[in-house]
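A.B. asks: Here it is, the structure in full.
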Amino acid sequence: MCRIFRCFLAALLLFSLTACGSAPAPGSDGPSQPEEASAQSDASGAPSEEPQETPAEPEKPEPEPYTILDPTVMPEGGSRDGVTYAAYDGVVEHLFFHPVVAYPELAFDGDYKSDGIDDWMVTAGEYLKILESVYEKGYVLVDIADCWSEQTNEAGETRMVKNTLYLPEGKKPLILSYDDVNYYEYMLENGFTYKLIIGDDGKLASWGLDPEGNEVISRDLDAVTILDKFVEEHPDFSPFGAKGCLSLTGYEGILGYRTQTDKDNWTAEREARRQEEIEAVKPIIAELKRTGWTFGSHTWGHISLNTRTYETVTADMRKWFDEVGSLVGDTTVLFYPFGGRLDGDDVQQTGPAFQWMQQQGFRIFCSVGIDSWSKCKSDISAVICDRLHPDGTTLRSAKARERYMKFYDAKDIIDLSVRPQREVGWA
């Protein structure tokens, strides 16, 4: 009984000390729990609503200054930064790429996509070697929109004319364009990067997953960021600040962000996600524009413009203006999907679809060919042109190898150790 009574007294004493808050741990100078970790309460015992301090987000670095100049204007005195400039009125070469293969082991794994990727893409390593080659051969980057301009002739007609470019002496102009910079769903499982982001250093980077499923942020695996790095290391490759023109569809969003609509099963939840993607891509677009990249249309649905009806073409393009043009801004450049010319043959005719496109503001119409051919149309203010395509088909072809020698030797570029074992014409 005494033992029970003593236990009762001890418990009562402990309760009284705890209730008055005067029981610090032996040898301590204060409460045993940090003040920040204890919840403050009001008289009712409920937690107070005083806001808790949150850690400040680290400040993002200020973007490095980037200068964009006009190549149609001779620098004052004929030189800039000790470099002499000269007038150039020759051919403006034009190369275009699709997204580059980041992981060949996924792209060329023998599935039904392997041969198509082998035909129409280059790897990140091959792409870098092409950049190195054209740089060594004296090419400098120019913006496609600077190569032609709209002028009024003596008859009062507005027509496109080829501009004189003022280049560093001995250099040759080169346009780069990039089709399907949308990061389609099929690419995500076949060795491509997933999207463009802005890295912790404030620069554009790619985001994606490697073959093991690990998250990878890099500037060495994507065509856009590889060129950005190359220009940083070789600023004389882009004396005017130009990079390339990104040719966008819209049916699976743009730049890796799912900004598209879908007529089937559309819900408020899906629209909310779409709006989040739209807000997320806006700073990417702004940084691309700031650093010398421009945008062109590749139609919304990647449709063949030479075979579709006028109604189909105009409906598709209205959707492009609504979902893509509203984000990237106005553009004068239209890239033909599959190289199919408007109205079947825009060289010989100017059909209703071509006229409608021109009325929407397009002035430069790009197809695909065996050289960098261009023609300013005489009946309407527009220029039509062809561009060359470094890819598996031309890297493997003996005839194409000769045509592309002005840029690179395919033998030095193609990486047969990672590509499918298919025929090489010059081997």
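The values are calculated or read from the model by the stated rules, or taken from the named source; none is laboratory data. Computed from a prediction, not measured in an experiment: that's the story for all the values here. FYI the Cβ positions are ideal-geometry reconstructions off the backbone, even for glycines, and counts take in every protein chain you see. Surface accessibility is based on the protein's heavy atoms, side chains included, excluding ligands, DNA and RNA. Shrake-Rupley method; radii C 1.70, N 1.55, O 1.52, S 1.80 Å.
A.B. asks: List the strands (runs of 3 or more DSSP E) that sit entirely inside segment 168-249 and contain at least 1 residues that are of a type in the set (S, T, N, Q).
C.D. replies: Because the criterion is at least 1 residues that are of a type in the set (S, T, N, Q), the strands (runs of 3 or more DSSP E) in segment 168-249 that meet it are 172-179, 204-209, 215-218, 245-248.
A.B. asks: Any residue at all in segment 211-227 that is at positive phi and either open to solvent by less than 50 Å² (accessible area, probe 1.4 Å) or charged (D, E, K, R) (or both)?
C.D. replies: Taking every residue of segment 211-227 in turn, at least one turns out to be at positive phi and either open to solvent by less than 50 Å² (accessible area, probe 1.4 Å) or charged (D, E, K, R) (or both).
A.B. asks: Also, quick follow-up: Please go through segment 322-349 and give me each residue that is of a type in the set (Val, Ile, Thr) and either crowded, with 19+ Cβ neighbours inside 10 Å or more than 20 Å from Arg159 (Cβ to Cβ) (or both), ordered by number.
C.D. replies: Val324, Val328, Thr331, Thr332, Val333
A.B. asks: Moving on. For segment 260-271, indicate whether the set of residues that are of a type outside the set (D, E, K, R), over 20 Å from Tyr186 (Cβ atoms) and open to solvent by less than 30 Å² (accessible area, probe 1.4 Å) is non-empty.
C.D. replies: No.
A.B. asks: From the list Val140, Val92, which one is surrounded by 19 or more Cβ atoms within 10 Å (Cβ to Cβ) and out of contact with any Cys (no Cβ under 8 Å at 6 or more places or on another chain)?
C.D. replies: Val140
For every residue, the table says whether it meets (1) at pLDDT below 95; (2) more than 28 Å from the chain's Cα centre (by Cα); (3) under 16 Å from Phe295 (Cβ atoms).
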| site | (1), (2), (3) |
| --- | --- |
| Gly325 | no, no, yes |
| Gly329 | no, no, yes |
| Thr332 | no, no, yes |
| Phe335 | no, no, yes |
| Gly340 | no, no, no |
| Pro352 | no, yes, no |
| Phe362 | no, no, yes |
